[in-house]
């Protein structure tokens, strides 16, 4: 049994988080409630933040897209600003589980849960997200590369809640794409690749992130692929060559569901597929 | 202590108020407290969609929500889908086109289909497939379900309710 609290303001939630015994934040609950039912976790107190409506928003401000932590996956899929400027995020959110889960699950909850096979941690890593973590003593900004620490482990302190996710607004010559391999339809990823890139006016790659999900304890950059593309004029053969290095130096975590060689092949194939699509979109051709 | 919660909710247009244990799931609340047993429990782990209901206009799995979380909300269950003693066009189409065999998944299928048709009045086969991918039919009667949703979409366009 647990104590259930449903505060209607963030301040109230933060006070409860520091005062209630063994408290856990309940966001969309699409992972937490299942974990509790399976007796994998048993917090003494649940602080339900779903009544804190001020945590649900998507807006562009100060050169970034700010997303409230309680924004539902389905909102990421349908929001015109996200679709127009961060199609990678909309694509990743659109293949999470099923409609019912997307209607309820939240971006803050997914990031805090830090399942290395989940879609939004991988996508947000490729988008250079920053997380605003807030406790009753104030807020701090955590870069996504410092946020994910290990399997289901983040830099978030017990006293903190994710308040907002910030994405730098991609330039007009940017594009992204997401691909994942699953066992069942819209399941957790066996392998996922999130790619975001931008070109300069001459068609040279200005920035590129190729991030792998489901392959390690946290989202992992395909560094060699990125290095091969950066500052070079992008063409199909270069993309192909670079994608072949997407699993270079990667030690895969054991996965009983799929063999390592298939996993490596899919990493390379998805790297190529998402890079092609991302650069097409960056050129405004798709 | 907060081990008990007061749930105040409107279900199918009627207001209810109950005090329940904090751990009670919405699906158990609907079935055991309100006697609305049309909402089914299939897997209890969030996979099968048999417990799908609408909460404030969007589909959710009632086995992945606590009863306490619906306070102040409007919940629609399968019992509230028909009106005035007449089946909803979706229900009629499921009946006419063998959209159900054992019927266990049907309430969830209908709620998910209803959500789809609210957003997209003329869905393609692919769109229907995607809209019900969170609802499992262990009889594997998907063709009948797809047909029923398609027919209902046409019927509802002709006679918007």
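Please treat every number below as a calculation from the coordinates, not as lab data. Small disclaimer: the values here were computed from a predicted structure and weren't measured. No Cβ is skipped: glycine too gets one built from the backbone with ideal geometry, and neighbour counts run over all protein chains shown.
As a test, work out the antiparallel percent of DSSP beta bridges whose residues both lie in the range A:19-69, rounded to the nearest 5. Around 50 percent antiparallel, to the nearest 5.
Report the per residue volume, in Å³, of the convex hull enclosing the C-alpha atoms of the range A:1-132. Don't skip to the end; give the middle numbers.
Working: hull volume 14.7 nm³, N = 132.
So the per-residue hull volume is 111 Å³.
Principal semi-axes of the equivalent ellipsoid, √(5λ) from the alpha carbon gyration tensor of the range B:89-158, are 17, 13, 10 Å from largest down.
How large is the translational diffusion coefficient of chain A in µm² per second when you combine the Kirkwood radius over alpha carbon pairs with Stokes-Einstein at 20 °C and 1.002 mPa s?
The Stokes-Einstein estimate is 111 µm²/s.
Mean projection of the Cα convex hull over all viewing directions, computed for the range A:202-249: 3.3 nm².
Measuring between their Cα centroids, the range A:149-219 and the range A:220-235 lie 15 Å from each other.
Taking each DSSP H run with n ≥ 4 as -39500 (n - 2.57) and averaging over every residue of the protein assembly as shown yields -9000 deg cm²/dmol at 222 nm. Counting only DSSP beta bridges with both residues in the range B:4-80, the antiparallel share comes to about 90 percent. Kirkwood radius and radius of gyration were both taken over the C-alpha atoms of the range B:15-161, and their ratio Rg/Rh is 0.97.
Within chain A, DSSP assigns beta bridges of which about 85% are antiparallel (rounded to the nearest 5). One quarter of the convex hull surface built on the alpha carbon atoms of the range A:174-282 amounts to 6.3 nm², the projected area averaged over directions.
For the range A:43-99, averaging the sequence separation of C-alpha pairs within contact (under 8 Å, six or more residues apart) and dividing by the residue count gives a relative contact order of 23 percent.
Here r is the Cβ-Cβ distance between residue A:12 and residue A:38 and R0 is 45 Å; the resulting FRET efficiency, rounded to 0.05, is 0.90. Shape analysis of the range B:4-80 places it in the oblate category; the axes a ≥ b ≥ c from the Cα gyration tensor give an a/c of at least 1.5, with a/b not above b/c.
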